[in-house]
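Visitor: Sharing a structure with you now.
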Amino acid sequence: MIFTDTHTHLYSEEFAEDRTEMIERAINNGVKRFFIPAIDASYTQKMYDLEQQYPDNIFLMMGLHPCYVKENYEAELAHVETELAKRKFTAIGEIGIDLYWDKTTLEIQKIAFQKQIQWAKKYKLPINIHCREAFDEIFEVLELEKSDDLFGIFHCFSGTYEQALQAISYNMKLGIGGVVTFKNGKIDQFLRQIDLKHIVLETDSPYLAPVPYRGKRNESSYVTLVAEKLSEIYQLPVAEIARITTENSREIFGI
């Protein structure tokens, strides 16, 4: 039984004291595949070091996180473009729009998002979308870039049923993580209406730990708790959830 964590920040400072033990714990729990999103240039070398340490388990994305789209965003995007030209990545991400922390950067966030979608098409890569309080703005950009070669994952999906269908209409899988275990998470109320072929598992560790660890540091081994919740929602064995969601991740990432 192989679980895939399609979104985990293994390089995070939160893991500084026990990173190797945390990764080993996940691997021993059946989590054999870890997909790591980029944030900005300051994390690139840390990502490469992790990949070198676990070449069979860790797969990298490249991109500029919307919360890091600041005055220097053009230099950051130039870094992304340089890295994309140098080597292979599994996706461009995490990219998108975040209006929770800063609404003043909306216009440059849109520019960065669209530019990186265009690079994804150029390199025939999926995108990994970060969306916070910005569904309309995200969908506006996706509508502009809608095409057969636009595909990817809507990371940490926490929208409505209608928004889920809209995301799927743009060739996106829904990244389901700890939020599905929250009492006020709401997505558990309609998720069964969404075919499992559209779902991938993620943790977003060290953030958004599932129940019973809500509020504590998240880690990739907890992706099994997300699978258990989906098993309950879809009335399928955990092994089947693991199999289908891992297949879905292979379909997106090509590995």
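Visitor: Tell me which of these residue 107 doesn't satisfy, since it passes every other one: (1) in contact with a helix residue (DSSP H, G or I) (Cβ under 9 Å, 6 or more places away or on another chain); (2) part of a helix (DSSP H, G or I).
Guide: Checking residue 107 against (1) in contact with a helix residue (DSSP H, G or I) (Cβ under 9 Å, 6 or more places away or on another chain); (2) part of a helix (DSSP H, G or I), the one that fails is (1).
Visitor: Any idea which of 187, 138, 199 is farther than 24 Å from residue 63 by Cα, of a type in the set (A, V, I, L, M, F, W, C) and open to solvent by less than 10 Å² (accessible area, probe 1.4 Å)?
Guide: 187
Visitor: Taking residue 225 and the conditions (1) within 28 Å of residue 24 (Cβ to Cβ); (2) outside any helix (DSSP H, G or I), which numbered condition does it fall short on, given that it satisfies the others?
Guide: (2) is the only condition that residue 225 fails.
Visitor: Here are 133, 51: which of them is out of contact with any Cys (no Cβ under 7 Å at 6 or more places or on another chain), acidic (Asp, Glu), farther than 26 Å from residue 26 by Cβ and open to solvent by 40 Å² or more (accessible area, probe 1.4 Å)?
Guide: Sole residue among the options that is out of contact with any Cys (no Cβ under 7 Å at 6 or more places or on another chain), acidic (Asp, Glu), farther than 26 Å from residue 26 by Cβ and open to solvent by 40 Å² or more (accessible area, probe 1.4 Å): 133.
Visitor: Is it true that residue 82 is open to solvent by less than 70 Å² (accessible area, probe 1.4 Å) and of a type in the set (S, T, N, Q)?
Guide: Spelling it out, it is not the case that residue 82 is open to solvent by less than 70 Å² (accessible area, probe 1.4 Å) and of a type in the set (S, T, N, Q).
Visitor: Just the residues that are free of Cβ contacts under 8 Å to residues at least 60 places away in the same chain and closer than 16 Å to residue 2 by Cα, please, taken from segment 187-203.
Guide: The one that is free of Cβ contacts under 8 Å to residues at least 60 places away in the same chain and closer than 16 Å to residue 2 by Cα: 199.
Visitor: Which residue, of 35, 59, is under 30 Å from residue 133 (Cβ atoms), touching a residue at least 40 places away in the same chain (Cβ under 8 Å), open to solvent by 10 Å² or more (accessible area, probe 1.4 Å) and not in a helix (DSSP H, G or I)?
Guide: Exactly one residue qualifies, and that residue is 59.
Visitor: Then there's this: Can you tell me which residue is surrounded by the fewest Cβ atoms within 10 Å (Cβ to Cβ) among those in segment 160-182 that are touching a residue at least 60 places away in the same chain (Cβ under 8 Å) and in a strand (DSSP E or B)?
Guide: That would be 173.
Visitor: Can you go through 134, 164 and tell me which one is among the small types (Gly, Ala, Ser) and within 25 Å of residue 77 (Cα to Cα)?
Guide: After applying the criteria, what remains is 134.
Visitor: Let me ask something additional. Could you list all residues from segment 101-130 that are aromatic (Phe, Trp, Tyr) and either surrounded by 23 or more Cβ atoms within 10 Å (Cβ to Cβ) or on the phi > 0 side of the Ramachandran plot (or both)?
Guide: Selection gives 113 alone.
Visitor: Residues in segment 70-78: is at least one touching a residue at least 12 places away in the same chain (Cβ under 8 Å), open to solvent by 80 Å² or more (accessible area, probe 1.4 Å) and basic (Lys, Arg)?
Guide: For segment 70-78, residues touching a residue at least 12 places away in the same chain (Cβ under 8 Å), open to solvent by 80 Å² or more (accessible area, probe 1.4 Å) and basic (Lys, Arg): present.
Visitor: Is there a residue in segment 236-247 that is of a type in the set (Asp, Glu), outside any helix (DSSP H, G or I), closer than 27 Å to residue 91 by Cα and under 19 Å from the mean Cα position of the chain (by Cα)?
Guide: no
Visitor: Considering segment 156-204 alone, what residues qualify as being closer than 17 Å to residue 244 by Cβ and of a type in the set (Asp, Glu)?
Guide: 195, 202
Visitor: Quickly run through segment 1-59 and pick out the residues that are within 27 Å of residue 72 (Cα to Cα), β-branched (Val, Ile, Thr) and in contact with a Leu (Cβ under 6 Å, 6 or more places away or on another chain).
Guide: The one that is within 27 Å of residue 72 (Cα to Cα), β-branched (Val, Ile, Thr) and in contact with a Leu (Cβ under 6 Å, 6 or more places away or on another chain): 36.
Visitor: Sort out which residues of segment 202-221 are touching a strand residue (DSSP E or B) at 6+ places or on another chain (Cβ under 7 Å) and either hydroxyl-bearing (Ser, Thr, Tyr) or over 18 Å from residue 15 (Cβ atoms) (or both), and write them in order of number.
Guide: The answer is 203, 205, 220, 221.
Visitor: Which one of the conditions (1) open to solvent by 20 Å² or more (accessible area, probe 1.4 Å); (2) under 18 Å from residue 62 (Cα atoms); (3) not in a helix (DSSP H, G or I) does residue 96 fail to meet, given that it meets all the rest?
Guide: The failed condition is (1).
The values are calculated or read from the model by the stated rules, or taken from the named source; none is laboratory data. These figures come from a predicted structure and were not determined experimentally. Cβ atoms come from the backbone with ideal geometry, glycine included; neighbour counts cover every protein chain shown. Calculation scope for accessible area: heavy atoms of the full protein, side chains included, ligands and nucleic acids excluded. Shrake-Rupley method; radii C 1.70, N 1.55, O 1.52, S 1.80 Å.
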